[in-house]
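Colleague: This is the structure I want to talk about, given as structure tokens.
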Amino acid sequence: MPDDDVSAPPFGAFAPSWAQAAVIALAHGSGLKRGAFRPTLSRLLNLLRAGPIDANYQGASFRFHHQFSATERGALFNPDYDRAELDFLRAHVPGGGVFVDVGANVGTYALTLARHVGSRGRVVAIEAHPVAHARLAFNVAASGLTQVRLVAAAASDSDGELMIATDAENLGASRIVPAAAADQAYKVRALRLARVVNDAGLTKIHALKIDVEGFEDRVLTGFFRDVAPALWPRAIAIEHLSRSEWRQDCLVDMIGRGYREAGRTRSNTLLLRD
């Protein structure tokens, strides 16, 4: 898996060929955009021309390394990828508002919300994995979104260091692992979410999305412990697929703090605080 960086060829250098564009258009207009078909379409694109694809998603510019990333495949082949979650977040973040993305991956949420809040708004995008963070930085620069603040760290309940292991089949499924796995993982900086928010100078957060592969409970319980209610987001989208790995059920904790479940998708629970 290459270590992508902002010194890579400029956006547009990997524009799809006519044949690749035809495959992508076919997916966009049919049931082939569904998850079960996307790995096959990705392999087909790679046969037509190996490497990433430069394309737009939700109005932002992305270099999609679709071969080993389910998120990048999803956004490339499905223009409505995660649309329910994005619509929920956009509905509760005003123009000029503030959005925090914990586990930003390559930026499908962060860049979409950055376009929504506009140049007067603020987005803080936190991503620990060095490969994903480099892709995120490239996409932000390619999209010209100066309102996005990038944080190269793992959000946690304490400051320090953590180990993050790469999932070879799906970059977005990389996760925090015990220190004993150091020979198979990256050592990354860990920061309390409250510290990230304070360092960014935020005085309010309209919405927050978190997807950190089973580490959500430690991030959020520490955050709610460390900050005043004035900094609690009104809307939260939290991935629940790894709920069995939580040490504390942070959904129950948030409901106890006045949040209510406003919706649920296959992957995420959507919460509101009135």
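Colleague: So if I place +1 on the C-beta of Lys and Arg and -1 on the C-beta of Asp and Glu, and nothing else carries charge, what would the dipole magnitude of the chain be about its Cα centre? I want it in debye, nearest 20.
Modeller: 680
Colleague: Another one. Compute the Cα gyration tensor for the range 18-77, then decide on rounded, prolate or oblate, letting a ≥ b ≥ c be the square roots of its eigenvalues: rounded whenever a/c is under 1.5, prolate when a/b is larger than b/c in the other cases, and oblate in all that remain.
Modeller: rounded
Colleague: Using per-residue counts of other Cβ atoms within 10 Å, averaged over each peptide, order 61-67, 75-81 from highest down.
Modeller: Ranked by mean Cβ neighbours within 10 Å, highest first: 61-67, 75-81.
Colleague: Per DSSP helix of 4 or more residues, -39500 (n - 2.57); summed, then divided by the residues of the chain. What does that give at 222 nm, rounded to the nearest 500?
Modeller: One gets -9500 deg cm²/dmol as the mean residue ellipticity at 222 nm.
Colleague: Using only the alpha-carbon atoms, how far is helix 216-226 inclined from the longest principal axis of the chain? Give it as 0 to 90 degrees, nearest 10.
Modeller: 40
Colleague: I want to check the label-to-label distance for GLU261 and ALA13. Put each point 7 Å from Cα in the C-beta direction and report it in nm to one decimal.
Modeller: About 4.7 nm, to one decimal.
Colleague: Can I ask one more? Mind listing the long-range amide H neighbours of SER61? Cut-off is under 5 Å, sequence gap 5 or more, other chains count too, H placed in the peptide plane at 1.01 Å from N.
Modeller: Under 5 Å from the amide H of SER61 lie the amide H atoms of SER143, each far enough along the sequence or on another chain.
Colleague: If you restrict to DSSP beta bridges whose two residues both lie in the chain, what percentage is antiparallel, to the nearest 5? Intermediate values should be presented prior to the final figure.
Modeller: Values: 24 of 44 bridges.
Here the share of antiparallel DSSP bridges comes out near 55 percent.
Colleague: A further question follows. Starting with the fewest neighbours, write out TYR186, TYR259 ranked by other beta-carbon atoms found within 10 Å of each beta-carbon.
Modeller: TYR186, TYR259
Colleague: Can you give me the angle between helix 38-48 and the longest principal axis of the chain, using Cα atoms only, in degrees from 0 to 90, rounded to the nearest 10?
Modeller: Value to nearest ten degrees: 40.
Colleague: Using only the Cα atoms of the range 83-273, what semi-axes does the equivalent ellipsoid have when each is the square root of 5 times a gyration tensor eigenvalue? Give whole Å, largest first.
Modeller: Semi-axes from the Cα gyration tensor: 23, 20, 16 Å.
Colleague: Moving to a separate point now. By per-residue mean of other Cβ atoms within 10 Å, what is the highest-first order of 131-144, 33-46? Provide the component values of the computation, followed by the final result.
Modeller: Details: 131-144: 22.2, 33-46: 16.0.
By packing density, highest mean first, the sequence is 131-144, 33-46.
Colleague: Send over the per residue convex hull volume for the range 23-117, Cα only, as a whole number of Å³. Walk me through the numbers before you get to the answer.
Modeller: Details: hull volume 8.7 nm³, N = 95.
Normalising the Cα hull of the range 23-117 by residue number yields 92 Å³.
Every number here is computed from the coordinates shown, using simple stated rules; none is lab data. If you're wondering where the values come from, they're calculated on a predicted model, not measured in any experiment. With ideal geometry, Cβ positions are generated from the backbone for all residues, glycine too; neighbour counts draw on all protein chains shown.
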